[in-house]
Protein chains: 2
Amino acid sequence: MHKKIITISREFGSGGRTIGKMAAEELGISCYDRELIERVAEKTGFAAEYVREQGEDVPARNLFAYVSAGRGMDGLSPEDYLWAAQSKVIWELAEKEPCVIVGRCADYVLRNRTDCLNVFIHASMEKRAERIVRLYGERDTSPMKRLREKDKRRKVNYKYYTDREWGMARNYHITLDSGELGQERCVQILTDLYKTEYV
Amino acid sequence: MHKKIITISREFGSGGRTIGKMAAEELGISCYDRELIERVAEKTGFAAEYVREQGEDVPARNLFAYVSAGRGMDGLSPEDYLWAAQSKVIWELAEKEPCVIVGRCADYVLRNRTDCLNVFIHASMEKRAERIVRLYGERDTSPMKRLREKDKRRKVNYKYYTDREWGMARNYHITLDSGELGQERCVQILTDLYKTEYV
């Protein structure tokens, strides 16, 4: 079965987005990450920054309230509306052309398609900490704390919308430790898989 | 960093053992699975059948009692003794020669070595059910129930001895869906990784 779409889920700081972009470039197909955010922003009227922040991570404050608030009892919350609009954009992109889609639970959103290669990229806390400081600079909060918070927000968001455990191997066709294997090698494995009729 | 050891953790029925054997053959190194069981049996005096059954899955009955019994309060339980002996055999094998080690939490037992490529093989329930019926025949219990029970026993055992979640991507350098990718392709990815200085 030939795959047409690659979905990349990734831990913050693991380089998953870069791996997705490199793979798309190598394969000569589009990579949707920022572009996806912009499309969703256009469709919904939300600011791109809001889409970027809320589209895959629950709000940093009030994590518990978010999950337990019984949202949707009296209509869609802004987050639910964003989720629905975002899912629609992901479906449309997948329908339109072969592409790489980074983040935003695309593995789950496209779960009924059989032409997706679902990938999860992760790395050790140490490797990710080193990477986010190198890329985004120092902050008041320690890199370890930034990672733990981001992991938690992404995990809760994934669980809330998909009822799956984030980062469980069984949700993906392949998961890769980018810190250990290196970005280039991850790209090579994914592009090789994509190019081959592998079953 | 060149890897010397491949540890393969796998869901029951995913073909992980076969993939390990095929990879070892391709690489010209030993694969320890049955041989490991026999060595542990020899060292401990336990029957090979007991080692096979208890060495990585908790007893089928009394799952709750097993976890909550506060074992070890008055000495090692037989399972703890088996765990210690089995871990020792795994260390010795890893020290002795490049090899593939299947199951038995080898990823965790060897966690302080930097020359292990830790792999997890899984597949969908449907693919695994089809496979266990083909290989081991029909039983009174449905294949789905057999899988669920085995998954649970292995998961509890892994959690008990390693305090990690079984099947979480972050515990492995690479995880592969053998049902989707096919055994040959899994073998190829692993042997390619093993042969290359990849970071």
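The values are calculated or read from the model by the stated rules, or taken from the named source; none is laboratory data. Because the structure is predicted, anything quoted here is derived from the model rather than measured. Note: ideal-geometry Cβ built from the backbone for every residue, glycine included; neighbour counts use all protein chains shown.
Evaluate the following for A:T141: is it more than 14 Å from chain B (Cβ to nearest Cβ) and not in a helix (DSSP H, G or I)?
Numbers: more than 14 Å from chain B (Cβ to nearest Cβ): yes; not in a helix (DSSP H, G or I): yes.
Taking the combined requirement at face value, the residue satisfies it.
Residues of region A:100-120 being part of a strand (DSSP E or B) and surrounded by fewer than 22 Cβ atoms within 10 Å (Cβ to Cβ), which ones? Walk me through it before giving the result.
From region A:100-120, those part of a strand (DSSP E or B) are A:100-102, A:116-120; that's our starting set.
Listed by number, the list holds a single entry, A:C116.
Which residues, counting only those in region B:154-177, are at the interface with chain A (Cβ under 7 Å from one of its Cβ atoms) and part of a helix (DSSP H, G or I)?
B:A169, B:R170
Do we have any residue at all in region A:161-168 that's surrounded by fewer than 16 Cβ atoms within 10 Å (Cβ to Cβ), among the β-branched types (V, I, T) and out of contact with any helix residue (DSSP H, G or I) (no Cβ under 8 Å at 6 or more places or on another chain)?
No, region A:161-168 contains no residue that is surrounded by fewer than 16 Cβ atoms within 10 Å (Cβ to Cβ), among the β-branched types (V, I, T) and out of contact with any helix residue (DSSP H, G or I) (no Cβ under 8 Å at 6 or more places or on another chain).
Conditions first: (1) within 11 Å of chain A (Cβ to nearest Cβ); (2) part of a loop (DSSP other than H, G, I, E, B); (3) farther than 26 Å from B:G28 by Cβ. B:D151 passes all but one, so which condition is the exception?
(2)
Looking at region A:130-147 only, could you name the residues that are surrounded by fewer than 16 Cβ atoms within 10 Å (Cβ to Cβ) and out of contact with any Pro (no Cβ under 7 Å at 6 or more places or on another chain)? Explain how you work it out, then say what you get.
Quick first cut of region A:130-147, residues surrounded by fewer than 16 Cβ atoms within 10 Å (Cβ to Cβ) only: A:130, A:133-142, A:144-145.
A:E130, A:R134, A:L135, A:Y136, A:G137, A:E138, A:R139, A:D140, A:T141, A:S142, A:M144, A:K145 - these are the residues of region A:130-147 that are surrounded by fewer than 16 Cβ atoms within 10 Å (Cβ to Cβ) and out of contact with any Pro (no Cβ under 7 Å at 6 or more places or on another chain).
Please tell me if A:A94 is at pLDDT below 80 and assigned to a helix (DSSP H, G or I).
Details: at pLDDT below 80: no; assigned to a helix (DSSP H, G or I): yes.
For A:A94, the condition - at pLDDT below 80 and assigned to a helix (DSSP H, G or I) - is not met.
Could you pull out the residue among A:K88, A:K159 that is farther than 28 Å from A:E26 by Cα and under 18 Å from the mean Cα position of the chain (by Cα)?
Being farther than 28 Å from A:E26 by Cα and under 18 Å from the mean Cα position of the chain (by Cα) holds for just one of A:K88, A:K159, which is A:K159.
Looking at A:D107, A:D115, can you tell me which residue is touching a Phe, Trp or Tyr at 6+ places or on another chain (Cβ under 7 Å), within 13 Å of chain B (Cβ to nearest Cβ) and at pLDDT below 95?
On the way: A:D115 fails: touching a Phe, Trp or Tyr at 6+ places or on another chain (Cβ under 7 Å).
The unique qualifying residue is A:D107.
From B:E130, B:E184, B:E97, grab the single residue that is over 21 Å from A:H122 (Cα atoms) and within 11 Å of chain A (Cβ to nearest Cβ).
Just a single option satisfies the conditions, and that option is B:E184.
Could you check region B:1-80 for helices (runs of 4 or more DSSP H) lying wholly inside it with 2 or more residues that are of a type in the set (A, V, I, L, M) and at pLDDT 85 or above?
B:16-27
Taking the stated definitions as given, is B:S9 surrounded by 24 or more Cβ atoms within 10 Å (Cβ to Cβ), closer than 18 Å to A:L181 by Cβ, small (G, A, S) and within 14 Å of another protein chain (Cβ to nearest Cβ)?
Yes: the conditions hold for B:S9.
Which number in (1) of a type outside the set (A, V, I, L, M, F, W, C); (2) in contact (Cβ under 8 Å) with a residue 12 or more places away in the chain; (3) surrounded by fewer than 17 Cβ atoms within 10 Å (Cβ to Cβ) marks the one condition that B:K150 misses?
Here B:K150 meets the rest and fails (3).
Right, B:I189: of a type in the set (A, V, I, L, M), outside any strand (DSSP E or B), within 14 Å of another protein chain (Cβ to nearest Cβ) and in contact with an Asp or Glu (Cβ under 9 Å, 6 or more places away or on another chain) or not?
Numbers: of a type in the set (A, V, I, L, M): yes; outside any strand (DSSP E or B): yes; within 14 Å of another protein chain (Cβ to nearest Cβ): yes; in contact with an Asp or Glu (Cβ under 9 Å, 6 or more places away or on another chain): yes.
For B:I189, the condition - of a type in the set (A, V, I, L, M), outside any strand (DSSP E or B), within 14 Å of another protein chain (Cβ to nearest Cβ) and in contact with an Asp or Glu (Cβ under 9 Å, 6 or more places away or on another chain) - is met.
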